[in-house]
Each structure stands twice: as C-alpha cells, then as structure tokens.
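Take a look at the structure set out below.
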C-alpha cells in the first residue's frame, strides 16, 4: 500500500470508529501481507511521518493517540492512575515524568515501557485496590488520589513532598471515604493529613474582614 492510502485508512478509522492504536497483526491483515514483511513498510512510513511507533507492536497516526488509548491497547485490564491521572484532572501542578497504571496482570520484563507519550509503568495490585473504571482507562480523581498515596508509601516517599495539590476541595468526600477503606490504614491516615493541610492552607489564605 502506498503512503497516501495508509494515511487515508488510518484517518478513516480514527474519524469513523475512534480507533487510534493498531497492532502489527491488524495492519498486516489490512495490507494482506505477513507481519514480518510489514515491518519494512512500517519503517518506511515512520520515516515519512505517516505513522508513529507508540510501543512495541503498536502504531498509530501522529498526535492522535492518547495515553489511555495506548495503555488499553497494551493491557485491556490496565488504567492510568496516580500522579499522572491527578495531573489530567487538574489536581496537581507538576507534569509527572512517569505514567503509572494499575493492572490485574503481571508484566514482568515489560512492566516498564518507554513510549513517545512518556514512561509507562504497569503495577499489578491486590484485588482489593484494583478497580477498573467503568468508562475509559483513567481513574476518577478520588481513586487517583488514593492510588497516588498508596504508590508513594510503597516507595517510602512522602506524597506531599512530591507534588503541589490544588482543588482537592472539589473531591467528593463520600466517595473518598468509601474508596480509602480498601487501602492500608496508613493510606487513610496520610489522606486525612493531606486534606487537613489543604483546609488549613485555605483558611490562612482567606483575608480577614
């Protein structure tokens, strides 16, 4: 297939079916060739800027693949959470250098993937903590906050020393209470400390009348 034909096919799949990530097997089927023969053509298409290799065996149009779509393509049971999800929800100010994904699968050697979208780390967690979102592959703000605290504590790091929180008062306290009960008690205590600090900071920043 010529480059223009490939581009039209990928754009059609994106606009009509919202499909952005393709496996080598899928593309080989479209081209009517073997995966081995297709690799040479994919390398040519990459040089021409028609297609991007987002991960091993995963390709898509430049600039249209989201982190959640790529993660779902790599692991259907994984979801983006922790600091990266907090950033996407606008709850921290720093841009994370790592995209942490919780999953119920073990990745072993492929646990860490370096992609054009950033470093993706798959973390296999206990069933009590694992909770795949009903829609998409992005944890809700409340879930992402609990997961972030859990990750930091697992790494022996103080969560508050890593990021600057904002808009935490927008979180649903009832949902937070229900979620945090699934985590170790240390996560619950850390969450309470963070929320208390946020409330105290808010009071100090309110001008006296």
Q: Kindly state, to the nearest 0.05, the FRET efficiency for residue 158 paired with residue 5, given R0 = 41 Å and r defined as their beta-carbon distance.
A: 0.15
Q: Counting other beta carbons within 10 Å of each Cβ, put 68, 142, 160 in order, fewest first.
A: 160, 68, 142
Q: Please give, to one decimal in nm, the separation of the simple spin-label points placed at residue 33 and residue 14, each 7 Å out from Cα toward the Cβ.
A: 2.2 nm
Q: Taking the Cβ of each residue in 155, 167 as the centre, tally the other Cβ atoms inside 10 Å and list the residues starting with the fewest.
A: 155, 167
Q: Rank by packing, highest mean first: peptides 61-67, 80-86, with packing defined as the count of other Cβ atoms within 10 Å averaged across residues.
A: 80-86, 61-67
(Q) Just to be sure I understand the model, the point goes 7 Å from the Cα along the line to the Cβ. What's the resulting residue 128 to residue 106 distance in nm? (A) 2.1 nm
Q. Counting DSSP beta bridges with both partners in the chain, what percentage is antiparallel, nearest 5?
A. 65 percent
Q: Taking the chain as the reference, fit the longest principal axis to its C-alpha atoms, fit the long axis of helix 35-47 to the helix C-alpha atoms, and give the angle between the two in degrees, 0 to 90, nearest 10.
A: 70 degrees
Q.
Relative contact order for segment 87-145: what percent, with Cα pairs under 8 Å and sequence separation of 6 or more?
A. 31 percent
Q) Size of segment 3-65 along its principal axes in angstrom, Cα-based, largest extent first? A) 28, 22, 21
(Q) Please rank 105, 17, fewest neighbouring Cβ atoms within 10 Å first, as an exposure proxy. (A) 17, 105
Q: Evaluate the relative contact order of segment 3-65 (contact order divided by residue number), counting alpha-carbon pairs under 8 angstrom at least 6 apart; express in whole percent.
A: 38 percent
Q) In whole angstrom, how long is each semi-axis of the equivalent ellipsoid of the chain, when you take the square root of 5 times every eigenvalue of its Cα gyration tensor and sort them from largest down? A) 40, 18, 14
Q.
If packing is taken as the average count of other Cβ atoms within 10 Å, what order do 110-116, 97-103, 145-151 fall into, highest mean first?
A. 145-151, 97-103, 110-116
Q: Using Cα pairs closer than 8 Å and at least 6 residues apart in sequence, work out the relative contact order for the chain, in percent.
A: 16 percent
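Here, each number is a calculation from the coordinates, and none is a lab measurement. Note that the structure is a prediction, hence the values are computed from the model and not measured. Neighbour counts are summed over all protein chains in view; Cβ atoms, including those assigned to glycine, are modelled from backbone coordinates with ideal geometry.
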